Amino acid sequence: MNEKTVRAISVEKVDVVKKVMLEKPKLRDYEVLFKVHYVSLCTIEQRVYKGKRDYGYPFLGGHENVGEIVEVGNGVVGFEKGDYAVFTFNYCNQCESCQSGRGTQCEYQKEQLPKIDFDGSIVGGAMSEYIAVPAWQLIKIDAEKDQLSSFALTEPLACCIHSIEKAAVQFGDTVLIVGFGIMGWIHLQLAKMRGAVVIVSEGDEKRRSFAQEEGADFVINPLEVGRLESRIAEITHKKGVTLIVNTVANPDIWDQLFTLLDTQGKILAYSSQDRKKPAQVDMGAAHSKEIQIIGTVNPTVHDNLKATKLIAAKKIVMERMIDSVFDYEEAKEAFDHACLPTVYRVLIQF
Ligand SMILES: [Zn+2]
Ligand SMILES: [Zn+2]
């Protein structure tokens, strides 16, 4: 057995994060050895840590990442030692979904070789300082070392690029964003780039004033009874909005959201929802008003590529979403901090 020299962060069980040492992965053909510089704590890691999502323990997360190529395997083209890159998550690039540009529905997500030898479940894997990544899952980035951290948020940006493109937002559309967490913030930036009038609905006062600062055209507190309906009616002259982006996992708001849509309006099911509590919606209204319900999950490789270009060109300043950066040594503190309400993204640096 090789010596265990790779630092990693494992969620051992609910509320327990442990620093562990793993064996350095051996490169297979068409892979690179990837050194993780920053990994971001997405909702998946937070939910596993808090026992709200079950992938089995111990758990090695980390799909929002940025790092450096330190070794290049046999057959790899286009990458060199020293290149900075992000790796995209779980595309086999061999199935019909991947090959037809629908990689969010890759048919072999579970069959892929592990990126590191870890006795537990792996989602992403960038909670380990070194991993072996197939070359087709990598995107080379054009970054100075001091800008690297913002590229750790490539994946969440790519998720929102995927959803905004699916909804085909047009100049002059009225877009209602429900919830102003990081996903609400990114949707606001992207919808504005597309020339939309953007309304944010958010219950938290601090987040509401942040939405205002960040360029929302209108900000509404949905917790005031009747306020959301009356403001949308005023803003849209009783027509309703063109698009709703729902970033909130609450089954009870769907029916109300449907009533806020214009005829031929669209509603994006962005947030994951509790499958045990299906939402009630008026499908008769969906029929007669010709409403489109659009599901969206994850990004494709192409969406990730677009995200890296937007970050590199500073079209969207992801630093604003980084609440704090913790050192590997303070992994437990990082998880606790990330789980506080109203904190945006927390990064860990290796
Ligand atoms: Zn994520
Ligand atoms: Zn595939």
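The values are calculated or read from the model by the stated rules, or taken from the named source; none is laboratory data. Predicted model only: the values in this text are computed from it and were never measured. Positions of Cβ are backbone-derived with ideal geometry, glycine not excepted, and every protein chain shown enters the neighbour counts.
A compact table of results
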read-out	value
Flag for THR154 being of a type in the set (S, T, N, Q), within 16 Å of ligand 1 (Cβ to nearest atom) and either over 20 Å from ARG28 (Cβ atoms) or in the same structural domain as VAL197 (by TED's automatic domain parsing) (or both)	yes
Search result, residues across the range 1-26 that are assigned to a loop (DSSP other than H, G, I, E, B) and at pLDDT 95 or above	VAL14, ASP15, LYS24, PRO25
Unique residue being on the phi > 0 side of the Ramachandran plot, more than 23 Å from the chain's Cα centre (by Cα) and away from ligand 2 (no atom under 16 Å from the Cβ) when the list is GLY62, GLY73, GLY82	GLY82
Test: residue in the range 329-339 that is in a loop (DSSP other than H, G, I, E, B), in the same structural domain as PHE89 (by TED's automatic domain parsing) and at pLDDT 95 or above	yes
Search result, residues across the range 29-72 that are β-branched (Val, Ile, Thr), within 16 Å of SER10 (Cα to Cα) and within 14 Å of ligand 1 (Cβ to nearest atom)	VAL39, THR43, ILE44, VAL48
Which listed residue is assigned by TED's automatic domain parsing to the domain that holds TRP136 and within 16 Å of ligand 2 (Cβ to nearest atom), from THR43, THR88	THR88
Count of the range 177-223 residues which are free of Cβ contacts under 8 Å to residues at least 60 places away in the same chain and among the β-branched types (Val, Ile, Thr)	6
Close pairs (6 angstrom Cβ cut-off, 6 or more residues apart or separate chains): surrounded by 10 or more Cβ atoms within 10 Å (Cβ to Cβ) in the range 225-238, part of a loop (DSSP other than H, G, I, E, B) and hydrophobic (A, V, I, L, M, F, W, C) anywhere	ILE232/LEU260
